[in-house]
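The values are calculated or read from the model by the stated rules, or taken from the named source; none is laboratory data. Note that the structure is predicted; figures quoted are calculated from it, not measured. FYI the Cβ positions are ideal-geometry reconstructions off the backbone, even for glycines, and counts take in every protein chain you see. Side chains included, ligands, DNA and RNA excluded: accessible areas come from the protein's heavy atoms. Shrake-Rupley method; radii C 1.70, N 1.55, O 1.52, S 1.80 Å.
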Amino acid sequence: MPQIDRYKGRPVNIEFTAVEDFRVLPYPERLTLVLITTGSINGTLNERPISISAPGFLCLAEDDDLIIMEKQDVAEQSFRFHPDFLNTISLSETEDYLAAGLRIRTGLSLFQRDDPYIAVPRITEKAYPLLFEWYFILGTEVQAQSDARWVCRIKKYLIQILGLLEDLHRNSEQSPVDAVLEYIHTNYSRKIFLQDLTNCAHLNRVTLNKLFQERCGNTAIGYLLSHRLKVACELLTHTGMKLDEIACATGFEYDTYLIKQFTAKKGISPTTFRNISRKSAAAQ
């Protein structure tokens with residue numbers, strides 16, 4: 001059943017189940033993000049074999065055909081949401097309005113089946129603690145509704161979880177550059193210095209930057225900045241988070257530094273970007 005927002009009296013089409021049962025998956029009219037914390041499963045997804053050993057994620061679309069053939073000491077939780085939950089929030093707190101053409105795109109590939117195995121994204125030892133933390137907070141917030149902006153925070157954590165899962169699946173070669181990409185995608189909200197990246201890659205600064213230029217068209221620190229700005233753009237567009245909250249979530253620490261870097265790289269301020277990105281979609 002949808003959650004009822006006790007602050008605004010509206011239905012919010014999301015649910016969280018602390019103890020999931022694979023026999024009821026997938027859910028009608030829902031995208032489902034399943035976290036497997038212990039045990040293992042074997043089965044088929046759309047007639048293709050899948051195998052997941054904890055810790056792991058399973059991303060299910062409503063029309064997936066999931067058959068579990070074997071389970072061993074499995075514990076799993078699920079967060080599920082109607083696709084309309086991906087619509088951007090209203091342009092202001094007073095307008096009952098959604099930009100019809102503006103939706104969260106981050107992570108949607110996980111629920112599409114061009115690549116059948118993306119439904120089981122690769123989880124690394126370094127990424128899992130952060131994914132678990134975000135998922136735990138997301139689930140807690142569904143139940144607690146701690147203040148009037150709880151839905152906004154859930155969208156924030158959903159963007160971060162799905163974005164990291166997508167990045168992990170995309171960068172699966174585990175070259176030195178991939179190791180640094182994983183470090184950036186996992187730690188971008190914290191302070192990161194160039195030495196952290198060279199230590200991660202076991203390379204000197206010159207070699208690391210050369211490999212990054214060849215692979216990403218940017219230096220390692222340049223890529224870190226662009227990734228932080230990419231996440232900031234998602235949060236500016238699709239949530240009502242304040243600038244200082246977005247700065248903290250994306251590793252800029254202070255809103256003044258976010259504004260400075262955003263304006264320098266994008267040519268407009270974060271607030272102007274937020275207004276343009278929403279209104280341009282509304283006009284389509």
Accessible carbon and sulfur surface of the chain relative to its total accessible area, %, 1.4 Å: 52 percent
With only alpha-carbon atoms counted, please give the Rg and Dmax of the range 175-279, in Å. 14.5, 46
Which order do TYR188, TYR257 take by accessible area at a 1.4 Å probe, largest first? TYR257, TYR188
Just the accessible area per residue of the range 108-190, please: how many Å² with a 1.4 Å probe? 39 Å²
Matching label, Kirkwood radius over Cα pairs in Å computed from the structure shown, candidates (i) 20.1; (ii) 23.2; (iii) 18.4: (i)
Between the DSSP loop rule and a limit of at most 16 other Cβ atoms within 10 Å, which chymotrypsin sites (Phe, Trp or Tyr not before Pro) in the range 1-88 are left? TYR7
In this structure, the FRET efficiency calculated for ILE276 and THR124 from their beta-carbon separation, with R0 = 22 Å, to the nearest 0.05, is 0.05
At SER269 and ASP114, where each label point lies 7 Å from the Cα along Cα→Cβ, what is the point-to-point distance in nanometres? 3.8 nm
Could you report the range 1-62's accessible area per residue, 1.4 Å probe, as an integer in Å²? 49 Å²
Using the Cα gyration tensor of the range 150-203, with a ≥ b ≥ c the square roots of its eigenvalues, what is the shape: rounded (a/c below 1.5), prolate (a/b larger than b/c) or oblate (neither)? oblate
Set the bar at 26 Å for Cα to Cα. Now go through LYS126/LYS156; LYS126/LYS242; LYS191/LYS279; LYS191/LYS266 and name every pair that lies beyond it. LYS126/LYS242; LYS191/LYS279
